[in-house]
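So the structure is just underneath, and the comments pick up after that.
The values are calculated or read from the model by the stated rules, or taken from the named source; none is laboratory data. Note that the coordinates shown come from a computational prediction; the quantities given were computed from them, not determined experimentally. Backbone-built Cβ (ideal geometry, glycine too); neighbour counts: all protein chains shown.
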Amino acid sequence: MRKKIVAGNWKMNTTRPDGIELAEAVAARAAEVPEGVGLIIAPPFTHLCCCGKRLKGTKVELSAQNCADHAKGAYTGEVSVDMLKAVGCQWTILGHSERRQYYGETDEKLVEKVKLALGAGLGVILCVGENLDEREAGKHFDVVKAQTEAVLYNFSAEEMKHIVIAYEPVWAIGTGKTATAAQAEEIHACIRNVIEAKFGAKVADDMTILYGGSCKPSNAKELFAEKDIDGGLIGGAALKADDFLGIALSF
Ligand code: PEP
């Protein structure tokens, strides 16, 4: 069964006290969100542990925003999947466009990270999406197809059960420019076809595909009404509990 999910990527925002307050505010109202809709928050590494404690006994799950591409050892500044698991993470976001753009995250590296994350028992939210030049050149389908295949075609149908895809057009992230529901839907449908081509109809049908890019309470309903849009990966609007929950209540 395909899951509906609203996940909040806090990026490099909130201090520890602010983060705790936000996690508590989300947790306090999580029960209002319909049963079939999962909630995930992804605070910065430094407050995963304390935010995670505030989620105990609620439906809200904890995600990291990234993980190391090695299991352990001399990789100064990195955080391993086992460390994430040990502080209570159930998920990690991987391949966010900001990581691809500013930190040289390649598809090859992402394959290693996804392998490590799944091996540690973490679910993965894998981000794909074209930039503005690629969209204007009409290459958006090809770019998203290539990104999806390059990473996910290395995994099995069984492993795909623990992976969620987030389509995030780079030109819509943090810009206030949302893809229209029709623009998002045609890419989501394309991603589902890419999954079906390798893994078959059942895996494709069960695959949760989130939309991300200036999603907010005022546009979530229209986006989530599309048949291949199964929720959202939310940046800016995840920093206010009311907005984040407002999005989750749009189903
Ligand atoms: C994101 O960065 O994952 C994102 C979707 O950001 P925003 O909602 O702020 O566009």
Residues of the stretch 84-110 being in contact with a Leu (Cβ under 9 Å, 6 or more places away or on another chain) and hydrophobic (A, V, I, L, M, F, W, C), in sequence order, are Leu84, Val87, Cys89, Trp91, Ile93, Leu94, Leu110
With criteria (1) in contact with a Phe, Trp or Tyr (Cβ under 8 Å, 6 or more places away or on another chain); (2) buried (at least 18 other Cβ atoms within 10 Å of the Cβ), Ala157 comes up short on (2)
Asp18 fails exactly one of (1) in a loop (DSSP other than H, G, I, E, B); (2) under 16 Å from Ala238 (Cβ atoms); (3) free of Cβ contacts under 8 Å to residues at least 24 places away in the same chain, namely (1)
So, first residue closer than 12 Å to Val6 by Cβ in the stretch 229-243, second residue aromatic (Phe, Trp, Tyr) and in a strand (DSSP E or B), Cβ within less than 7 Å, six or more apart or across chains; the pairs are Ile229/Tyr211; Gly232/Tyr211
By residue number, the members of the stretch 34-64 that are surrounded by 21 or more Cβ atoms within 10 Å (Cβ to Cβ) and either in contact with a Pro (Cβ under 7 Å, 6 or more places away or on another chain) or modelled with pLDDT under 95 (or both) are Cys51
Exactly one of Leu48, Leu39, Leu84, Leu62 is away from the ligand (no atom under 16 Å from the Cβ), assigned to a strand (DSSP E or B) and on the phi < 0 side of the Ramachandran plot, and that residue is Leu62
